[in-house]
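**Student:** Please find one structure pasted underneath; my questions will follow.
The values are calculated or read from the model by the stated rules, or taken from the named source; none is laboratory data. What you see is a predicted model; the values in this text were computed from it and never measured. Every residue, glycine as well, gets a Cβ built from its backbone with ideal geometry; the counts of neighbours run over all protein chains shown.
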Amino acid sequence: MQGFDVPIRKAGMLARVLVASLATALSSAAMAQSDYPNQPIRLIVPFSPGGGTDLGARLLANDLEQVFGVSVVVENLPGAGSQLGLTELANAKPDGYTIGAVNQPALDTIILSPERQATFDIDSFDYIINHVSEPIIIAVRPDSPYETLKDLVAEVAARPGELRVATSGLLTPEHLAQLQLEQVARSRLRIAHFNGAAESMTQFRAGRTDIAFTTASFLEGLKPLAILSRERSNALPDLPTAVEQGFPDLVMVSTRGFAAPAGLPEDVLATLRDAFAQVAQSESHQLKAAESGLSVEIVVGEEYEAFARSNFESARPLVELAQQQRN
């Protein structure tokens, strides 16, 4: 089964080349070809204020205002795990004046889950840029007997249905990563769903679960065994990936990007992609993002569209497996 950030090595390398040229593309001469934008731009964040997606969107919005010369107004539309805001985005007029944050695998699981009855699909958006990538990390407590990921996989295989894990919610990245581990070990975990990462990590730290599927911000005091990205993280260079430990199918990265309703005029879409790339690649934005704990991973334009579609297809068998387990 494909991992969740399959294109990111090639796309990330290519994006760095692309962005170098895109950074100068948004010149005054290019802007003069069109009067876009000539009014405020609405940027939908389908989550509550204060979270990582909201923070990244607001950092970008401030700098985009300087590039465009118009206001970029962040509007939080939380609800149904981002479905409310994504529905609003998909149904907006495709004129470049409504854009929005798109997180995967949240987008994918909403579309793929029949009970969600989504009115949009993967083709409902024009993809602008991936901004942040946050890999899932498998960790245990410091006194755990497991020293490597191989130790843990062997234990899961030997004790089907015994080892306990918690998620931040059904079909969240943590849950999908747990389903991947079950497939790798050809065994089952005891999975419990909670309301948010903080609550699931509280259960783990209290000893009520055995393995943490988490992110870098929750690692303090834990013993990480593997990061579920294709390549090591610059922020955690000593933490090996599951891939390099012999588990190529253990790849789960939560990504945060930006998109618009499908059907934008080509020149408007190109202007948006160029502007986002220019801002996201700037030294000042990179510094502000790092200070805010955001791991910027830029994938632009058509490369980002291919990346998003590949992630969607990678999510499909995991959502199907989750549904089978619930029936």
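To keep it simple, each residue is scored yes or no on (1) among the aromatic types (Phe, Trp, Tyr); (2) in contact with a helix residue (DSSP H, G or I) (Cβ under 6 Å, 6 or more places away or on another chain); (3) over 21 Å from Arg58 (Cα atoms); (4) surrounded by 23 or more Cβ atoms within 10 Å (Cβ to Cβ).
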| position | (1), (2), (3), (4) |
| --- | --- |
| Glu75 | no, no, no, no |
| Ala80 | no, no, yes, no |
| Glu88 | no, no, no, no |
| Asn91 | no, no, yes, no |
| Ile99 | no, no, no, yes |
| Val102 | no, no, no, yes |
| Leu107 | no, no, no, yes |
| Phe120 | yes, yes, yes, no |
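**Student:** Is it the case, given these coordinates, that Leu60 is at pLDDT 95 or above, within 30 Å of Ser229 (Cα to Cα) and in contact with a His (Cβ under 8 Å, 6 or more places away or on another chain)?
**Tutor:** Against the criterion (at pLDDT 95 or above, within 30 Å of Ser229 (Cα to Cα) and in contact with a His (Cβ under 8 Å, 6 or more places away or on another chain)), Leu60 qualifies.
**Student:** Right, something else. Tell me the residue from Leu264, Leu287, Leu269 that is hydrophobic (A, V, I, L, M, F, W, C) and modelled with pLDDT under 95, please.
**Tutor:** Leu287
**Student:** In addition: Give me the residue from region 89-112 that is among the small types (Gly, Ala, Ser) and part of a helix (DSSP H, G or I) and, out of that set, nearest to Arg273 (Cα to Cα).
**Tutor:** Ala90
**Student:** Would a scan of region 208-227 turn up a residue that is at pLDDT 95 or above and farther than 30 Å from Glu182 by Cβ?
**Tutor:** no
**Student:** Do we find that Leu272 is without any contact (Cβ under 8 Å) to a residue 40 or more places away in the chain and aliphatic (A, V, I, L, M) in this structure?
**Tutor:** No: the conditions fail for Leu272.
**Student:** Could you say whether any residue in region 147-160 is touching a helix residue (DSSP H, G or I) at 6+ places or on another chain (Cβ under 8 Å) and either at pLDDT below 95 or on the phi > 0 side of the Ramachandran plot (or both)?
**Tutor:** No, because not a single residue in region 147-160 is touching a helix residue (DSSP H, G or I) at 6+ places or on another chain (Cβ under 8 Å) and either at pLDDT below 95 or on the phi > 0 side of the Ramachandran plot (or both).
**Student:** Follow-up. State yes or no: is Glu115 without any contact (Cβ under 8 Å) to a residue 24 or more places away in the chain, outside any loop (DSSP other than H, G, I, E, B) and out of contact with any Asp or Glu (no Cβ under 8 Å at 6 or more places or on another chain)?
**Tutor:** yes
**Student:** Moving to a separate point now. Condition check: modelled with pLDDT of 95 or more and in contact with a Leu (Cβ under 7 Å, 6 or more places away or on another chain). Does Glu303 satisfy that?
**Tutor:** Yes: the conditions hold for Glu303.
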